[in-house]
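Report on one structure; see the data block that follows.
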Amino acid sequence: MNDNRRVRLLTGLIFALVVLNIGLLSWLWLRPDHSERRRSRIGTGAFLADTLQFSPEQRQQLRSFQKLYFDQMKARQQSIRQSRRAYFRLLDSSFTESQRRELAVAFHRQAVETDLLTLAHFDRVAGICTPEQRRLLNKLLSELPGRAFRTPGAGGRNRAFRPGRGTTP
């Protein structure tokens, strides 16, 4: 009888843990994702405006700059996709060396044009900044290439920009 009671107790405990585990996993999967909220802040320009502490007039100018930039990028998006597909088809051995060079140069030319659009956009943004905001923007932009390809740092944490504190160790 004692063994029967233990089996019941352990079965109940296992059942409770399974239900708790399923509930926790469901909550993690179904809750609004924190990274999506962060992405939406970046996409709307709130990240840049908040970090640089823009005034309402500066925020309005930033929105107009972003609209122009995103419209220009959207117009190029299909062409870039086609060039990227053509570029990765170069792995096919049926291409001659001159065809490979031509497709690679076309793809990289579009990448350069995209980068130039991005630099022009940030030049416009820098034009509406105060000297202090510009220093912070320059610091943020100097860390941007690393942010795009960041890897976990010490302790498994990602290195990220924090205004006034640089990067986290």
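Structure above, values below:
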| item | result |
| --- | --- |
| Of all residues in the range 1-53 being touching a helix residue (DSSP H, G or I) at 6+ places or on another chain (Cβ under 6 Å) and part of a helix (DSSP H, G or I), the one that is modelled with the lowest pLDDT | Arg41 |
| Some residue of the range 106-128 being on the phi < 0 side of the Ramachandran plot, in contact with an Asp or Glu (Cβ under 9 Å, 6 or more places away or on another chain) and surrounded by 14 or more Cβ atoms within 10 Å (Cβ to Cβ) | yes |
| Candidates Leu68, Leu62, filtered to the one that is closer than 26 Å to Arg135 by Cβ, modelled with pLDDT of 85 or more, open to solvent by less than 40 Å² (accessible area, probe 1.4 Å) and out of contact with any Lys or Arg (no Cβ under 7 Å at 6 or more places or on another chain) | Leu62 |
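The values are calculated or read from the model by the stated rules, or taken from the named source; none is laboratory data. Everything numeric in this text was worked out from a predicted model, so none of it was measured. When we count neighbours, we look across all protein chains shown, and the Cβ atoms used for this are built from the backbone with ideal geometry, even at glycine. Heavy atoms of the whole protein, side chains included, go into the accessibility calculation; ligands, DNA and RNA do not. Shrake-Rupley method; radii C 1.70, N 1.55, O 1.52, S 1.80 Å.
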